[in-house]
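Structure, as structure tokens:
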Amino acid sequence: MDVRNTTIRNRTLHSLTFANDQYRLQIHFKHNEAYENAVNKSILFINRQSAQELSFPLHQIEEIDEFRRLEAVIPLAEYAEQLAEGGVWDAYIVLEVEQTDEETEEEETTLGEDDPAEDDEAENETDLDEADASEDNERGPVIKRYRLKSNEPYLELLYYTNPAIENVIIPYTTNKGNVSIKAREPGVIAKIEEMSLSKSGKLSLTGYVIHTDVTSTEENRKKTLVLKHKDGNEYRFEARTVKRNDLTERYGKKGRNYDSAGFEVEVELGPFGSVPEDRSLKLWMELQDNDVIEGEVPLASPLKWIRHKGNPGQSIILKSKNGKKKFSLKARKKSRNVSLRIAEYSLKRELISRAKKLGGKVKRHKLTKAAYLLVFKFVGFLPAKKNLIMFESFAGKQYSDNPRAIYEYLCENHPEYKMVWSFNRKTYESRGDDSIPCVRRFSIRWLFLMARARYWVVNSRLPLWIPKPAHTIYLQTWHGTPLKRLAADMDEVHMPGTNTKKYKRNFIREARRWDYLISPNAYSTEIFKRAFQFEKEMIESGYPRNDFLHLENNPDSVRKLKESLGVPLDKKIILYAPTWRDDQFYGKGRYKFDLDLDLNLLREKLGDDYVLILRMHYLVAENFDLAPFEGFAYDFSSHKDIRELYLIADLLITDYSSVFFDYANLKRPMIFYVYDIETYRDKLRGFYFDFEQYAPGPLVKTTPEVIRSIREIEANDFKPSEILDEFYDKFCYLETGHSSQKVVERVFLNK
């Protein structure tokens with residue numbers, strides 16, 4: 001299988017062959033200084049979830065002008081179980097380079113994380129073009145790591161099945177054009193190779209569809225195109241089988257036959273014009289044996305656009321009895337799943353849509369980014385607006401936390417200030433309270449406000465590319481009492497898009513811009529100074545956000561909150577608020593979380609007396625489907641402020657999240673669900689104190705243990721233990737309902 005390039009490209013897969021239960025992988029790599037000095041060369045597969053690594057040596061087999069062809073052999077039978085358990089593995093070329101001269105640290109790009117024009121979701125994969133992994137040994141070998149590229153769309157046809165494993169191992173080209181391997185259950189793979197919309201109103205599709213069960217016979221299976229709408233409606237069209245001897249010739253190893261894998265189908269779109277409302281139809285392909293057994297569910301898969309770059313971008317306008325309709329084909333940026341959109345057409349709507357697309361391209365252009373930064377710096381030299389305060393919580397995702405408490409105190413007591421909130425696009429567009437003055441993050445107006453503001457009040461790091469004007473006072477409130485090791489105190493960093501050395505360096509560079517840092521207690525003050533290497537003024541005041549817990553902790557306020565949130569008034573409430581895991585992610589800034597609690601068992605054992613509300617960490621990208629648990633489980637992850645959930649909760653279940661330091665102010669029961677404590681403690685972060693000994697509640701590892709602990713709390717008519725009282729005295733002693741006042745008087749009134 002040859003990659004079909006017109007020219008040889010660097011770091012690109014040349015061929016991948018499959019025989020004798022092994023992959024033989026060949027790549028092109030450009031001869032350069034790093035290659036010349038490399039003492040070892042290898043292919044490295046890194047697991048996206050666990051950061052586990054598998055390495056295979058590379059050997060040079062050919063020279064082609066300035067390029068070298070390298071080869072690695074991957075014995076699949078030996079590593080099948082390990083690969084099958086791990087999910088997705090990303091492929092890198094690794095050069096271990098002997099360091100001869102002291103290397104200078106690489107400065108990060110001018111516009112780093114959260115570029116003003118990059119407000120879209122991050123890609124699903126980590127794409128480190130080059131990383132220095134030798135941060136702990138500056139004089140030793142330097143590890144140069146390059147993502148392995150590919151523009152070969154048919155890699156998945158070289159999937160590997162081993163009878164000893166339940167999953168299929170599939171190599172594939174990612175949506176960024178890189179090489180990865182994933183493990184999944186046997187199933188359907190369906191790709192569109194060509195698609196078109198004709199002016200006469202006909203949708204034409206050609207491609208291939210296979211099932212990764214090598215014992216199946218594609219020739220005896222009927223292929224059906226299914227157009228699915230989210231309301232449950234489906235439109236079905238039989239596809240014709242097309243002979244694909246070319247696929248068998250190139251990929252038909254181990255007795256596989258793809259001769260009947262091809263399909264073509266045509267759909268008349270005219271009848272869809274009678275659909276009154278706009279709708280998007282997802283394209284699926286079904287496989288079903290010709291001899292259908294009654295009740296048998298067809299095998300199905302979403303249809304994907306085979307190319308990893310670009311979009312079909314095709315559309316037509318058709319007249320119907322309901323007016324003109326626009327039909328558009330689109331492949332999703334990340335998944336490449338194809339859909340057909342049907343929308344009402346008007347010239348005005350079309351012009352607005354095109355203008356938005358053009359504006360997006362202009363915004364994303366590197367010259368636009370450079371100009372944006374230049375203007376920011378220039379405006380920053382203008383006189384400050386002395387009464388202007390900019391607020392931001394969790395990168396603009398929320399109206400919450402310490403910034404909210406300070407804002408509300410200022411609104412009530414110092415209305416002379418002009419205050420504006422910075423919200424990201426999603427929060428800005430979905431905001432419901434128009435009384436909160438706000439601006440969209442990275443917009444032109446945001447630029448002028450941030451650059452002229454006298455004060456910034458923020459609870460998490462700002463991107464380093466944002467220049468802090470000399471006239472701006474930067475109040476960093478932070479967002480939790482530390483249990484987990486932070487910044488310079490971390491031994492290893494497992495987050496995507498960075499490494500340990502770069503993460504610490506960037507964190508400390510950001511901390512040096514802070515003029516004030518809020519600390520909730522003396523314990524945190526000591527850690528913050530060391531971990532952040534913070535040398536300016538620490539305000540040891542308690543957290544402003546916890547004023548609410550002291551001022552509103554009464555039956556009337558709790559009842560009103562429950563009514564506004566729509567939770568039962570006659571049942572006790574369990575709040576489940578876990579933290580994120582550094583090594584479980586989709587991509588930079590987008591973390592995932594596996595819900596290990598057995599909700600079925602919890603509902604069965606506790607549903608008569610309790611309801612469960614979920615509050616996921618702001619970095620977690622999951623959306624949990626709680627429809628099967630309606631009336632018992634509620635997802636409040638997007639609720640604007642967790643403080644209201646604290647107040648209504650009779651019991652907290654958490655893990656290593658700093659939420660338990662805040663919840664301790666209420667002196668209510670807590671349970672610590674720490675199913676992965678050994679990994680979290682010893683590998684990911686580590687703790688600042690003996691959490692297992694001094695946690696103010698029981699540590700459990702299974703759902704039955706959670707249920708047992710809740711029943712024990714009920715039976716003993718909960719009263720704060722000696723451990724909880726000591727915990728309160730150490731961590732909550734400053735929080736009496738006046739922390740916001742203390743901060744405002746020090747920073748804004750200079751008392």
Name the single residue that is modelled with the highest pLDDT among those in region 560-600 being open to solvent by 40 Å² or more (accessible area, probe 1.4 Å) and among the hydrophobic types (A, V, I, L, M, F, W, C). L569
Would you check which residues across region 727-751 are touching a residue at least 40 places away in the same chain (Cβ under 8 Å), in a helix (DSSP H, G or I) and over 24 Å from L651 (Cβ atoms) and list them? S739, S740, Q741, K742, V743, V744, R746, V747
Condition test on D491, is it modelled with pLDDT of 95 or more and open to solvent by 30 Å² or more (accessible area, probe 1.4 Å)? no
Here the residues within region 308-317 that are open to solvent by 30 Å² or more (accessible area, probe 1.4 Å) and either at positive phi or assigned to a strand (DSSP E or B) (or both) are G310, G313, S315, I317
Residue count, region 11-34 (criterion: modelled with pLDDT of 85 or more and within 11 Å of Y146 (Cβ to Cβ)): 5
When residues of region 376-389 are filtered for being surrounded by fewer than 14 Cβ atoms within 10 Å (Cβ to Cβ) and outside any loop (DSSP other than H, G, I, E, B), how many remain? 3
Within region 18-41, residues open to solvent by 20 Å² or more (accessible area, probe 1.4 Å) and within 26 Å of I170 (Cβ to Cβ) come out as A19, N20, D21, Q22, R24, Q26, K41
Consider R530 carefully, then state whether it is over 29 Å from the mean Cα position of the chain (by Cα) and at pLDDT below 95. yes
Please enumerate the residues belonging to region 514-559 that are polar (S, T, N, Q), open to solvent by less than 60 Å² (accessible area, probe 1.4 Å) and within 14 Å of Y646 (Cα to Cα). N546, N554, S557
Check off (1) without any contact (Cβ under 8 Å) to a residue 40 or more places away in the chain; (2) under 27 Å from the mean Cα position of the chain (by Cα); (3) part of a loop (DSSP other than H, G, I, E, B) for P415 and give me the number that stays unchecked. (2)
Scanning region 130-153 residue by residue, those open to solvent by less than 20 Å² (accessible area, probe 1.4 Å) and modelled with pLDDT of 90 or more turn out to be R147, L148
Answer yes or no: is there a residue in region 427-435 that is loosely packed, with under 12 Cβ neighbours inside 10 Å, of a type in the set (S, T, Y), part of a loop (DSSP other than H, G, I, E, B) and at negative phi. yes
Would you be able to tell me the number of residues in region 42-72 that are assigned to a strand (DSSP E or B), over 16 Å from R11 (Cα atoms) and open to solvent by 50 Å² or more (accessible area, probe 1.4 Å)? 2
Any idea how many residues of region 297-352 are over 17 Å from H229 (Cβ atoms), of a type in the set (V, I, T) and under 30 Å from the mean Cα position of the chain (by Cα)? 1
Per the list (1) at pLDDT below 90; (2) in a helix (DSSP H, G or I); (3) surrounded by fewer than 18 Cβ atoms within 10 Å (Cβ to Cβ), residue check on L724 breaks on (3)
Is it the case that region 390-408 has a residue that's among the charged types (D, E, K, R), buried (at least 19 other Cβ atoms within 10 Å of the Cβ) and on the phi < 0 side of the Ramachandran plot? yes
Going by the conditions given, is T472 crowded, with 20+ Cβ neighbours inside 10 Å and touching a helix residue (DSSP H, G or I) at 6+ places or on another chain (Cβ under 6 Å)? no
Report, ordered by the first and then the second residue, all pairs with beta carbons closer than 6 Å, sequence separation of six or more or different chains, a first member in region 701-718 that is more than 17 Å from D650 (Cβ to Cβ), and a second member that is open to solvent by less than 80 Å² (accessible area, probe 1.4 Å) and at pLDDT below 90. K701/Y675; T703/L597; T703/D598
Selection from region 533-574 of residues among the charged types (D, E, K, R), within 30 Å of the chain's Cα centre (by Cα) and more than 30 Å from M490 (Cα to Cα) yields none
What are the pairs, 6+ residues apart or on separate chains, where a residue within region 207-227 that is open to solvent by 70 Å² or more (accessible area, probe 1.4 Å) and assigned to a strand (DSSP E or B) has its Cβ under 9 Å from a residue that is at pLDDT below 90 and not aromatic (F, W, Y)? K222/L287; K222/Q288; K222/D289; K222/N290; K222/V292; K222/P298
Going by the structure shown, is L157 in a helix (DSSP H, G or I) and in contact (Cβ under 8 Å) with a residue 40 or more places away in the chain? yes
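Here is a yes/no grid of residues against (1) among the basic types (K, R); (2) at pLDDT below 90; (3) crowded, with 19+ Cβ neighbours inside 10 Å; (4) under 22 Å from the mean Cα position of the chain (by Cα):
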{"position": "A627", "(1), (2), (3), (4)": "no, yes, no, no"}
{"position": "A633", "(1), (2), (3), (4)": "no, yes, yes, no"}
{"position": "S637", "(1), (2), (3), (4)": "no, yes, no, yes"}
{"position": "E644", "(1), (2), (3), (4)": "no, no, yes, no"}
{"position": "S657", "(1), (2), (3), (4)": "no, yes, yes, yes"}
{"position": "K667", "(1), (2), (3), (4)": "yes, no, no, no"}
{"position": "M670", "(1), (2), (3), (4)": "no, no, yes, no"}
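The values are calculated or read from the model by the stated rules, or taken from the named source; none is laboratory data. Note that the coordinates shown come from a computational prediction; the quantities given were computed from them, not determined experimentally. Glycine also receives a Cβ, built like all others from the backbone with ideal geometry; neighbour counts cover every protein chain displayed. These area figures cover heavy atoms from the full protein model, side chains too; ligands, DNA and RNA do not enter into them. Shrake-Rupley method; radii C 1.70, N 1.55, O 1.52, S 1.80 Å.
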